[in-house]
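So the structure is just underneath, and the comments pick up after that.
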2 protein chains.
Amino acid sequence: MKQVTVIKIGGKVIDDPGQLTGTLAAIARAPGPKVLVHGGGALASATERQLGLTPNMVNGRRVTGREALEVAVMVYAGLINKNIVAGLQARNCRALGLSGADGNVILAKKRPVGEIDYGFVGDIVRVNRAFLTRLLEDGLLPVFSAITHDGCGQLLNTNADTVATALAGALAGAFRVRLILAFEKPGVLDAGGHVLPQIDAAGFERMAASGVISEGMVPKLTNALEGLRNGIAEVILSSPAYLANPGTVHTKVIL
Amino acid sequence: MKQVTVIKIGGKVIDDPGQLTGTLAAIARAPGPKVLVHGGGALASATERQLGLTPNMVNGRRVTGREALEVAVMVYAGLINKNIVAGLQARNCRALGLSGADGNVILAKKRPVGEIDYGFVGDIVRVNRAFLTRLLEDGLLPVFSAITHDGCGQLLNTNADTVATALAGALAGAFRVRLILAFEKPGVLDAGGHVLPQIDAAGFERMAASGVISEGMVPKLTNALEGLRNGIAEVILSSPAYLANPGTVHTKVIL
């Protein structure tokens, strides 16, 4: 079975131009078909503030009002996405920037209002695997911002880890899929600040209950475990250095 | 020879939500393969002001400093492009949003500094016709923002009429290409404010010299005439109403 690597790079990697450049170079060099998903949280928050808005985060997820959605679309699908695509093209990668609306590749629905009203946040309904597979077969490197749509003209903001996991899960039927979540830490840390070589569902639940794992790491690992249950072959959490050198310290997520 | 329609919609059409909705509906209904190019000038200027920057236009072209380029990428390739794509998807159009960097579809070079330093403005070097043709053959509707790249990682701002004409010209080798420039006026106006049914190169030069044709209309017609010389079969200037009804008042550009 052919292998596809789905790589997610986090907002703090993108905010550091030096780290971003090195990460794009590593992605360009990595062999085989790849899909890239990027966040961009810090820059979106900075742009919101510059426009006189106040960013609002709950449990590591962004609450997205109408104006915050506009900023997310501008920053994620515009500024960050196109700069990454141009940077990869400069390294002879056939990058193609996408939101979920493009080619109807990720259909989502607005999250129902419960205890918290997340606003224009989208929960993924369906990934267009045929379209994505076609792009990979054409030798393209799809670069996803975490903007989705509801099929009725409304754009939605979706967690980038969730997008990466959903894309990886959808491809898992046709490929052996590796999912690499690259972010500002070297992996999942224990209470002593050491990187766990691996973590399983039971370990995650224990560490989440005790508060050792918290905030953005909770949805990241919840997604990763769900992805493994959906057939993703391998999930790795590490720093972007892992992309250039698999000997880099990392955490492997297992069921 | 198969026909392709390249449609350019201007910034003022995009700024009016009602007009944009009607225009997207007309585009969705129009038969045959299509390529859409959008401007978005007014919204970019408004966003620049909101961020404390001062828009700078010379001869109908935007002077693009580093910060203005960031705004252009956010607004054109992000906010406007993705909203148009989502709007077309809602009408069962297989829209795919693109900048020139995506799939390396429009390579440009930064305009040399002459009498005026236009900043990060790109003059088009090459259109990737093979990629564009492949998208059309796949039944996709490419939706272009007027952001290009230089192949070395630098995004550039390009006039949207120029992008539309270059795409139309590149496709002209493989298709019969109609180029429709839809904007806020019903066509090219004479000194009395009446729409000219057609205008040729000699007429344009005369009216530009006398000042009847000025500002943004000058590059629009210069591009249109160059496009006809490059093999575009037909160039129409009209309001968006023309897209739904070809009986609408319009100006046909001829050599």
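Table for the structure above
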read-out	value
Neighbour net charge for A:LEU221 - beta-carbon separation under 14 angstrom, K R +1, D E -1	0
Test item: Cα-centred dipole of chain A, Lys/Arg +1 and Asp/Glu -1 on Cβ, debye	620 debye
For B:ASP138, inter-copy label distances in nm, listed shortest first [label point 7 Å out on the Cα-Cβ vector]	0.3
Rounded if a/c under 1.5, otherwise prolate or oblate - the range A:1-45, Cα gyration tensor axes	oblate
Label 7 Å beyond Cα on the Cβ vector: A:ASN92 copy-to-copy distances, nm	4.5
Candidate aspartates and glutamates - alpha carbon under 13 Å from A:LYS12, same-chain residues fewer than 8 apart omitted	A:GLU184
Links that overshoot a 19 Å alpha carbon limit, given the list A:LYS8/A:LYS185; A:LYS8/B:LYS109; B:LYS110/B:LYS185	A:LYS8/B:LYS109; B:LYS110/B:LYS185
Residues listed by number, the range B:1-43, amide nitrogen under 13 Å from B:ALA244 label point at 7 Å toward C-beta	B:18-30
Point-to-point label distance, B:GLU115-B:ALA46, nm (Cα→Cβ direction, 7 Å offset)	3.3 nm
222 nm mean residue ellipticity, helices alone, for the protein assembly as shown (DSSP H n ≥ 4; -39,500 (n - 2.57); rounded to 500)	-10000 deg cm²/dmol
Choice from B:PRO31, B:PRO186, B:PRO219 with maximal GNM fluctuation in chain B (Cα, 10 Å cutoff)	B:PRO31
Global form of the range B:3-253, assessed from the alpha-carbon gyration tensor, a/c cut-off 1.5	rounded
Selected from B:SER214, B:SER45, B:SER239 as most flexible by GNM, with chain B as the system and alpha-carbon contacts under 10 Å	B:SER214
Area projected by the alpha carbon convex hull of the protein assembly as shown, averaged over all directions, nm²	23.9 nm²
Residues of the range A:166-202 with amide N under 19 Å of a point placed 7 Å along Cα→Cβ from A:SER214	A:184-196
Cα-projected label distance for A:ALA202 with B:ALA25, points at 7 Å along beta-carbon direction, nm	6.0 nm
Lysines whose Cα lies under 24 Å from that of B:LYS2, excluding same-chain neighbours fewer than 8 positions away	B:LYS34, B:LYS252
Ranked list, fewest to most other Cβ atoms within 10 Å of each Cβ, for B:HIS250, B:HIS38	B:HIS250, B:HIS38
Additional length obtainable on full extension of the chain from B:VAL125 to B:LEU189, 0.36 nm per residue less Cα span	19.9 nm
Sum of side-chain charges, B:ALA28 neighbourhood, beta-carbon under 15 Å (Lys, Arg +1; Asp, Glu -1)	+4
Computed over chain A: relative contact order in percent, which uses C-alpha pairs under 8 Å that are six or more apart	23 percent
Fluctuation leader among A:THR54, A:THR158, A:THR133 - chain A, Gaussian network, Cα springs under 10 angstrom	A:THR54
Innermost chain B residue relative to the axis carrying B onto A, by Cβ distance in angstrom	B:GLY78, 1
Cα shape, the range A:112-228, gyration tensor, a/c 1.5 rule	oblate
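Rule-based calculations on the coordinates, nothing more; no lab input. Not measured: the values here are computed from a predicted model. When we count neighbours, we look across all protein chains shown, and the Cβ atoms used for this are built from the backbone with ideal geometry, even at glycine.
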